[in-house]
Amino acid sequence: MARLNSSEDLERLRREILARRDPKKPCVAVCAGTGCLASGAADVVAAFRRELDARGLADKVALRGTGCHGFCEKGPIVVLDPEETCYLQATPADVPEIIEKSLMGKEVVERLLYVDPQTKEKTVREPDIPFYKHQKRMVFGPNRKLDPRNIEDYLAIGGYRALARALFERTPEQVILEVKESRLRGRGGAGFLTGVKWEFARRAAGKPKYVVVNCDEGDPGAYMDRSLMEGNPHAVLEGLLIGAYAIGAHEGFFYVRQEYPLAVENLGIALRQAEEHGLLGKNILGSDFDFTAQVHRGAGAFVCGEETALLASLEGQAGEPKPRPPYPAVKGLWGKPTNINNVETWANVPLILNEGAAAFAAIGTAGSKGTKIFSLVGKIANTGLVEVPMGLPLRDVVFKIGGGIPGGRKFKAMQTGGPSGGCIPEELLDLPVGFDELTRAGSMMGSGGMIVMDEDTCMVDVARYFVDFLTEESCGKCVPCREGLRQMHRILTRITKGEGHEGDLETLQQLAETAQEASLCALGRTAPNPFLSTLRYFRDEYEAHIREKRCPALSCKALIHYWIDPAKCRACMLCLRKCPTQAIDGGKQRIHVIDQAKCTNCGTCFEVCPAKFGAVRKLSGVPVPPPIPEEQRTLVRARKQDE
Amino acid sequence: MSDVVLHIDGKDVTVPEGTTVLEAARSVGIAVPTLCHHEKLAPYGGCRVCMVEAELRGATRLVAACTHPVEPELVVRTRSEKIDRIRRSVLELLLAHAPDSTRLRELAREYGARRDRFEPDASFCIHCGLCVRYCAEVKRKFAVGFVDRGIRKEIAFVPEIAAKECNACKECFELCPTSYLQAAFVLVESLAFPRPAETDRTEG
Ligand SMILES: Cc1cc2nc3c(=O)[nH]c(=O)nc-3n(C[C@H](O)[C@H](O)[C@H](O)COP(=O)(O)O)c2cc1C
Ligand code: SF4
Ligand code: SF4
């Protein structure tokens, strides 16, 4: 490959690539992200290759393994372009039929289409599926159009044009101004204005300067950064190059979580291809801008995603946060000015230069511009990665994109912002998505986790769960976090066990204040959010646990009892047989009774009792009614009639 | 380096740029309590009892005096209801580990901290890191380090080094704010029962 030595070279190559490609040529795009690979995408790709060859279609149909499409739950995903016919949960066995019906003919394979769980309606085209229809996929969208291992795919959709524009048409100051005007805020959690941060680093004294990509992504359940890095590494690199040019850095680091081998692999390929094309290394695109980048694999601890801990880890020290100031922009890697941004932040940069700051700033709320990718999980029909414009009401995310709560259950709360985020209750569901909006509601944007909870979720237990996670992840350097969280976790655990007492909430609030105000890093400072937000919106649940020893959601094991309603039991013997501790007494035609002394609260009886009987109930905060007398246990035939 | 003028508890204080708020306060005789600070060691910011209120251009926040650099026009308050509440809370958390530490009890009296606010914890170490950092930064021997992370973090001597160095030194013992015996105990234990894990000085 000849090096590109100018902006014109780049455009010439782009025209060549496009001329070689027939937009009408059918293309099979199979998602080859980590999620779909885990559900067998590689075999689907192999089957397509084999079957296309066997039919002599290899030249007539393009086959592409792409980045993650986001609807991971329904993978492997196959999309046939240019029609955008979308097949879900495809297997190698489906491939011959797809080829014969949809590629050779113009038919649709009905059984592989998306089916609406409620209306049972089928959707043919990917963009019409409700999960996608209400999204705005500016950053994440290209994933679906390109093979991340082929730079030509990225060039074909306009890749590196923004870089050329920055290098040849803008001074570094102008680039910074443009990013400032776009009002892009960091997607890694704190939401700091990216352009302002770049300016600090540009103005900071000291050389060399460094730029860093934060792909540590330690939030359990979040994987947007992984999906971008795997699915569109060139976009992240292009953003990084533009930022480096703006700041005056010539060396960059990708700090990638150890558990992301595919991201590391695809990124490595991207860096090599970029270098071969003269987009990385000396005299990029023939300009006098030089830049090299290295990939560093992170150790894995959650706290290593915190910028000062990440930099310490890059330097080979223990991954512990350091006090700020000095900020990395002034004194970062090896004491030099360093600009660190999140993967998604970097991936937004080319977009701003291509579309213009004004177009970018036109999307969103007053304080939050552009889009944000969220990982939508929990008690929701459609789970996956979703990209929405800032300002979209949370309700639309839950009901339009997420398809609502399955099983006829009621929505209770949405937890946003990762482990140290907070819970947003039903009454605030119209809240527009945005940094300040979420913070004001007692939660945060964080890196973009969204966990939907239904009425069966106990909010005290949710707080306990997240505080437990954070206690485990505390680096242990400072007291309010290490010791404060340890104690908060103890108290919350006690409360969920029915051992809470008066004064616990005050102690928890005191510990929360101490951690928020006095912790060294943002892990400790945000760690009380799960407690504080649930206390703010679900105080009655805390009080029920503490005062009445009752769990209103009927979820805390220590506070519930299983009881068989004698009026509903049909003596079907199901629960009796399944109970692992033989705690259920009964027989054919004999109403079943749970021996509370033997019951371990495992809940098996509750699960197996047929829905049409619904005889097993959970009780909390009320005494278990005494077992009905032996002589009344015989199931009377007559009762069958009034059913 | 140029001088910076700031205000601490109503006093104007002039110190060279790069000075910490703690040093600036102490330079004019204003006491700020510390547990993990030591003049010979790099600022650490672990114990957080030195939290003070720092006001700049109308915005007030709490900062650790031992690590926070002075800024021109900074208005510092070293005592307030909130600061006292936070110091009390930090002390109570530490007293769960070392209820008999003289230093902690002294401060506890000053801030009204209770010894039994929280369930006692088995380890006496309060993780100030003084012994670890002193050995590394001043003695440059690296005989004692932290192992593990977070709530499981503890100090440990590296038997190979400790066997050679510690008997003649023991300077870290008296730095310990909980009691001499803490480091001494761990040292004896490490020498008597060396664990391979103790050679691992890095955490996380
Ligand atoms: C405990 C903790 C974990 C963090 N983890 C990440 C992470 O995994 N990825 C990330 O981009 N930022 C993470 N951050 C935020 C970073 O410290 C930093 O703010 C961010 O990388 C800055 O980039 P941005 O301005 O583009 O958001 C974390 C912060 C804390 C306190
Ligand atoms: S707040 Fe927690 S994670 Fe951060 S430095 Fe303190 S102990 Fe470590
Ligand atoms: S043993 Fe003592 S000096 Fe060493 S870290 Fe623990 S409390 Fe500090």
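Each reported figure results from applying straightforward, stated rules to the coordinates on display, with no laboratory input. A quick note: this is a predicted structure, and the numbers were derived from the prediction, not measured. In this analysis, Cβ positions are derived from the backbone assuming ideal geometry, glycine residues included, and neighbour counts consider all displayed protein chains.
Mind giving me the nanometre distance, one decimal, between the label points for A:Lys557 and A:Glu173, set 7 Å out from Cα along Cα→Cβ?
Taking the two extended label points, one gets 6.5 nm.
Taking the dipole about the Cα centre of segment A:146-196, with the C-beta of Lys and Arg at +1 and of Asp and Glu at -1, give me whichever of A:Gly159, A:Pro148, A:Leu184 is farthest to the positive side.
Farthest towards the positive pole: A:Leu184.
Multiply the residue separation of A:Arg577 and A:Arg590 by 0.36 nm, subtract the distance between their alpha-carbon atoms, and state the gained length in nm to one decimal. Please list the in-between numbers first.
Values: separation 13, 0.36 × 13 = 4.68 nm, distance 1.38 nm.
Answer, rounded to one decimal: 3.3 nm.
Any idea what the relative contact order of segment A:80-181 is, in percent, if you count C-alpha pairs under 8 Å spaced at least 6 apart?
Working: 55 pairs, mean separation 18.1, N = 102.
After rounding, I find 18 percent.
Tell me, what is the percent relative contact order of chain A, built from C-alpha pairs under 8 Å that lie six or more residues apart? Spell out each step's value before the answer.
On the way: 1339 pairs, mean separation 70.3, N = 643.
Computed over chain A, the figure is 11 percent.
Which of rounded, prolate or oblate describes segment B:130-192 when judged by the alpha-carbon gyration tensor and an a/c cut-off of 1.5?
Numbers: a/c = 1.27, a/b = 1.20, b/c = 1.06.
Note, shape of segment B:130-192 comes out rounded.
For a test of the definition: using alpha carbon positions, the gyration tensor, and the 1.5 limit on a/c, classify the protein assembly as shown as rounded, prolate or oblate.
Working: a/c = 1.96, a/b = 1.06, b/c = 1.85.
In terms of gyration-tensor shape, oblate.
Please report the relative contact order for segment A:460-547, taking Cα pairs under 8 Å with a sequence separation of at least 6, and give it as a percent rounded to a whole number. Kindly include the intermediate steps, with their values, before the conclusion.
On the way: 105 pairs, mean separation 33.0, N = 88.
Relative contact order here is 37 percent.
As I understand it, the value is the acute angle between the Cα axis of helix A:529-547 and the longest principal axis of the Cα atoms of chain A; what does it come to in degrees, rounded to 10?
Helix A:529-547 sits at roughly 0 degrees to that axis.
Taking every DSSP beta bridge that has both residues in the protein assembly as shown, what percent is antiparallel when rounded to the nearest 5? Could the numbers behind the result be given before it?
Numbers: 58 of 87 bridges.
So the antiparallel bridges in the protein assembly as shown amount to around 65 percent.
Which helices of chain B meet both criteria: a Cα extent of 20 Å or more along the helical axis and a mean Kyte-Doolittle score no lower than -1.0, with helices taken as whole DSSP H segments? Mind showing how you got there, number by number?
Numbers: long enough: B:81-95 (21 Å, -0.02).
Membrane-span-like by this rule: B:81-95.
Nearest 0.05, what FRET efficiency do B:Thr60 and A:Arg55 give at R0 = 51 Å with Cβ-Cβ as r?
Details: r = 73 Å, r/R0 = 1.43.
For R0 = 51 Å, the calculated efficiency reads 0.10.
Classify segment A:151-361: rounded, prolate or oblate, from the alpha-carbon gyration tensor (a ≥ b ≥ c, eigenvalue square roots; a/c under 1.5 rounded; otherwise prolate if a/b is larger than b/c)?
Values: a/c = 1.44, a/b = 1.18, b/c = 1.22.
Rounded is the answer for segment A:151-361, as its axis ratio a/c remains below 1.5.
Amide H to amide H under 5 Å from B:Val144: which residues, 5+ apart in sequence or cross-chain, H placed 1.01 Å off N in plane?
B:Val158
Please give the helix A:194-203 orientation as an angle from the longest Cα principal axis of chain A, in degrees from 0 to 90, rounded to the nearest 10.
The helix A:194-203 is inclined about 50 degrees to chain A.
Where does helix A:172-182 land angle-wise versus the long Cα axis of chain A, in degrees 0 to 90, nearest 10?
Value to nearest ten degrees: 30.
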